[in-house]
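Below is one structure, written out as structure tokens, with a few remarks after it.
Every number here is computed from the coordinates shown, using simple stated rules; none is lab data. In this text the structure is predicted, and so the values were computed from the model without any measurement. Backbone-built Cβ (ideal geometry, glycine too); neighbour counts: all protein chains shown.
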Amino acid sequence: MSNITIPIVAGIPMKNIEDPLDTDVLCGRDAYVQRHIGNLNYRKLVNSNKEAYIACQKTDKLKISRSIVAAIRGQQGRFLEKNKVDGTWYDIGDKKA
């Protein structure tokens, strides 16, 4: 038996994820990723903030970006990247998101 600890935040695993949730945002370029419901919702959120982002000062751009990440996290969403070795997903963290 393995002693590997899988990080869990708010009852949701952050590594070794086999089935992403609808609230997750998937990193990647393939069609599956682009059509994923979480990615569609993320793009809507980004588009709704686009005008404010373009018009604001550089210092406020980071606040807008962080608020988008916080909105996804607030829905118990994760920003996931696929592990090329075993095919599972893992959370990339807020900084990379």
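Cross-link reach is defined here as a Cα-Cα straight distance under 22 Å, omitting same-chain residues fewer than 8 places apart; for LYS61 the lysines meeting it are LYS44, LYS50, LYS95, LYS96.
At full extension, ALA10 and LEU62 could sit 16.2 nm farther apart than now, given 0.36 nm per residue minus the alpha carbon distance. Round to the nearest 10 and give me the degree value, 0 to 90, for the angle of helix 58-74's Cα axis relative to the longest principal axis of the chain. Roughly 40 degrees, rounded to the nearest 10.
How big is the chain by the Kirkwood estimate over distinct Cα pairs, in Å? Mind showing how you got there, number by number?
Numbers: mean 1/r = 0.0689 Å⁻¹.
Averaging 1/r across every pair of different Cα atoms and inverting gives 14.5 Å.
Couplings for the range 16-21, taken from phi via the Karplus curve 6.51 cos²θ - 1.76 cosθ + 1.60 with θ = phi - 60°, read 6, 8, 8, 10, x, 7 Hz in order; Gly and Pro are left as x. Among the GluC sites (Glu not before Pro) in the chain, those located in a DSSP loop and surrounded by at most 12 other Cβ atoms within 10 Å of their own Cβ are GLU18. Site pair LYS96 and ASP30 shows an inter-label distance of 1.8 nm when each label is modelled 7 Å from Cα along Cα→Cβ.
Here the Karplus relation 6.51 cos²θ - 1.76 cosθ + 1.60, evaluated at θ = phi - 60°, turns the backbone of the range 83-94 into coupling constants of 7, 5, 7, 10, x, 8, 10, 9, 6, 8, x, 5 Hz, with x for every Gly and Pro.
Around LYS61, under 14 Å between beta carbons, what's the net of Lys plus Arg minus Asp minus Glu among the other residues?
Working: positive: LYS50, LYS58, LYS63, ARG66; negative: GLU51, ASP60.
Neighbour charge sum, excluding LYS61 itself: +2.
Compared with the dominant Cα axis of the chain, that is its longest principal axis, helix 37-55 is turned about 30°.
Counting only trypsin sites (Lys or Arg not before Pro) that sit in a DSSP loop (anything but H, G, I, E, B) with at most 13 other Cβ atoms within 10 Å, what is the longest stretch of the chain containing none of them? Please list the in-between numbers first.
On the way: sites that count: ARG29, LYS84, LYS95, LYS96.
With trypsin sites (Lys or Arg not before Pro) excluded where exposed in loops, the chain gives 30-83 as its longest stretch.
Only one residue of ILE17, GLY93, ILE37 has its Cα farthest out toward the positive end of the dipole of the chain, where Lys and Arg carry +1 and Asp and Glu -1 on Cβ, and that residue is GLY93.
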